[in-house]
Amino acid sequence: MRTPRIPLILILFLLCDVILAQSAIEVRNFNTEVQELRYRELVRELRCTVCQNEPLESSNAPLAADLRQQVYEQIMGGRSDFEIRQYMRDRYGDFVLYDPPFAAHTMILWLGPIVLLLVALGAAAVLIRQRRRMLDERRGRAAPQPEQ
Amino acid sequence: MIRMMLPLLVFIGLVGLLVAGLKTADQRQIIDSPLIGKPVPGFSLPELLDLERTVTNTELNGKPFVLNVWASWCPSCRLEHPLIKQLGRDIVSPLVGLNWKDEHDAALQWLGQFGDAWDLHLFDPSGRFGIDLGVYGAPETFLIDHTGTIRHKHIGPVSMDSYDDLVARIRQLEAEAQAGS
């Protein structure tokens, strides 16, 4: 039997990732499953402000641990997701949210891709129409259409 | 003709965009504080040198002050420390040190080794007040005016480049306080 070398290495790599990702997470006790789900969701969508592009969830930074603790305490204290997000925004600004809010200064982020797509579609339409006209003309010269 | 130039123009535009991006690359690390223009969060913290004593924000009401966040584990704090000491000599307003996420012994040892620059020392080992201030690394320096409003935040060590600007801003706040009272 041939040994599947490469998949094994791959699996090891993947395991590494799982172990590293979980090492940062503290053991937390929740009263309800909903609280736990909300916690998981929030630490995933809040950014670790001292790291390079890392959510609170997987960060080993001490500040990230403090902020996770805040999220946990506030969930247990009965605060809503909105209130917790607002708590973070009041202190660290929009940067702490992975999804930037839709506002005047983030307009280009949200609408930019759509505008680009429209421009590209428009350009493609113009080009296709031109080319078709060119083809039609050439064909017309080669074999004139019978008059109707 | 215009048609042939179009790809070149797009290319030049892209280069311009990337150069602008590179020029501002070091500023991208800096997160604008949403707290500028907001009142300084209330606090009630032990004085580092006398843990029995509790310092609250009301103690600093009515005058501008500088709040400098530091920790003994922070190498950049050591770097800026001579300038912080200088700042204490150059301005009239109180210079408040916030010892952030530190151990008491280590902080005292640090003060013994590098000298004390601050008029008042807040001790925030849990980092809770730091979170309220939106601190995401030490050192950070906040300027607070006589109405208790945060007016400026300097992120990272105070350097020769930023020193004069910082002093000018504090003098401005001191002048405002005098005009206001």
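Restricting segment A:93-120 to residues that are assigned to a helix (DSSP H, G or I) and either closer than 16 Å to A:Arg44 by Cα or of a type in the set (Val, Ile, Thr) (or both), the residue that is nearest to the other protein chains (Cβ to nearest Cβ) is A:Phe95. The set of residues in segment B:60-74 that are out of contact with any Cys (no Cβ under 8 Å at 6 or more places or on another chain) and in a strand (DSSP E or B) comprises B:Phe65, B:Val66, B:Leu67, B:Asn68, B:Val69.
Quick check on segment B:117-136. Is at least one of its residues closer than 21 Å to B:Pro64 by Cα and surrounded by fewer than 17 Cβ atoms within 10 Å (Cβ to Cβ)? Yes; the residues of segment B:117-136 include at least one that is closer than 21 Å to B:Pro64 by Cα and surrounded by fewer than 17 Cβ atoms within 10 Å (Cβ to Cβ). Please verify whether segment A:117-131 includes one or more residues that are at pLDDT below 90, out of contact with any Phe, Trp or Tyr (no Cβ under 9 Å at 6 or more places or on another chain) and polar (S, T, N, Q). There is no residue in segment A:117-131 that is at pLDDT below 90, out of contact with any Phe, Trp or Tyr (no Cβ under 9 Å at 6 or more places or on another chain) and polar (S, T, N, Q).
Counting only residues that are in contact with a helix residue (DSSP H, G or I) (Cβ under 7 Å, 6 or more places away or on another chain), over 17 Å from B:Phe129 (Cα atoms) and either in a helix (DSSP H, G or I) or not acidic (Asp, Glu) (or both), segment B:140-153 holds 3 of them. Do you know which residues across segment B:124-170 are at positive phi and more than 14 Å from the chain's Cα centre (by Cα)? Passing the criteria: B:Gly127, B:Gly148. In the set B:Leu173, B:Leu98, B:Leu111, only one residue is farther than 17 Å from B:Lys63 by Cα, over 15 Å from the mean Cα position of the chain (by Cα) and crowded, with 16+ Cβ neighbours inside 10 Å; that residue is B:Leu111. Within segment B:82-90, identify whether any single residue is surrounded by fewer than 22 Cβ atoms within 10 Å (Cβ to Cβ), in a loop (DSSP other than H, G, I, E, B) and either modelled with pLDDT under 95 or within 14 Å of chain A (Cβ to nearest Cβ) (or both), and answer yes or no. Within segment B:82-90 (the criterion being surrounded by fewer than 22 Cβ atoms within 10 Å (Cβ to Cβ), in a loop (DSSP other than H, G, I, E, B) and either modelled with pLDDT under 95 or within 14 Å of chain A (Cβ to nearest Cβ) (or both)), the answer is no, since none of the residues qualifies. Against the numbered list (1) under 22 Å from the mean Cα position of the chain (by Cα); (2) within 14 Å of chain B (Cβ to nearest Cβ); (3) modelled with pLDDT of 95 or more, A:Gln74 comes up short only at (1). Taking the conditions exactly as written (more than 26 Å from B:Phe114 (Cβ to Cβ), of a type in the set (Gly, Ala, Ser) and assigned by TED's automatic domain parsing to the domain that holds B:Gln172), does B:Gly13 satisfy them or not? So B:Gly13 does not fit the description; no. For first residues located in segment A:52-70 and farther than 17 Å from A:Ile84 by Cβ, partners that are in a loop (DSSP other than H, G, I, E, B) and modelled with pLDDT of 90 or more and lie 6+ apart or on another chain with Cβ distances below 7 Å form the pairs A:Pro62/B:Lys101. Scanning segment B:1-44 for residues that are in contact with a Ser or Thr (Cβ under 8 Å, 6 or more places away or on another chain) and either over 30 Å from A:Cys48 (Cα atoms) or at pLDDT 90 or above (or both) yields a total of 7. Just so you know, in segment A:78-88 the residues that are more than 14 Å from chain B (Cβ to nearest Cβ) and out of contact with any Phe, Trp or Tyr (no Cβ under 8 Å at 6 or more places or on another chain) include one that is nearest to B:Pro41 (Cα to Cα), and it is A:Glu83. Does B:Glu103 satisfy being charged (D, E, K, R) and touching a Lys or Arg at 6+ places or on another chain (Cβ under 6 Å)? It is false that B:Glu103 is charged (D, E, K, R) and touching a Lys or Arg at 6+ places or on another chain (Cβ under 6 Å).
Can you confirm whether segment A:87-96 contains a residue that is closer than 17 Å to B:Ser33 by Cα, exposed (fewer than 11 other Cβ atoms within 10 Å of the Cβ) and under 22 Å from the mean Cα position of the chain (by Cα)? The answer is no; no qualifying residue exists.
Residues in segment A:31-59 that are away from chain B (no Cβ under 14 Å), part of a helix (DSSP H, G or I) and under 30 Å from B:Ala25 (Cα atoms): A:Leu42, A:Val43, A:Arg44, A:Glu45, A:Glu57, A:Ser58.
Scanning segment B:31-58 for residues that are touching a residue at least 24 places away in the same chain (Cβ under 8 Å), of a type outside the set (Gly, Ala, Ser) and loosely packed, with under 12 Cβ neighbours inside 10 Å yields one hit, B:Leu51. Among the residues of segment A:60-71, is there at least one that is outside any helix (DSSP H, G or I) and modelled with pLDDT of 90 or more? For segment A:60-71, residues outside any helix (DSSP H, G or I) and modelled with pLDDT of 90 or more: absent.
Being of a type outside the set (Val, Ile, Thr) and more than 14 Å from chain A (Cβ to nearest Cβ), is that true of even one residue in segment B:130-144? Within segment B:130-144 (the criterion being of a type outside the set (Val, Ile, Thr) and more than 14 Å from chain A (Cβ to nearest Cβ)), the answer is yes, since at least one residue qualifies.
The values are calculated or read from the model by the stated rules, or taken from the named source; none is laboratory data. Bear in mind that the values here come from a model prediction, so they are computed numbers and not experimental data. Methodologically, a virtual Cβ is constructed for each residue, glycine included, from the backbone with ideal geometry; neighbour enumeration extends over all protein chains shown.
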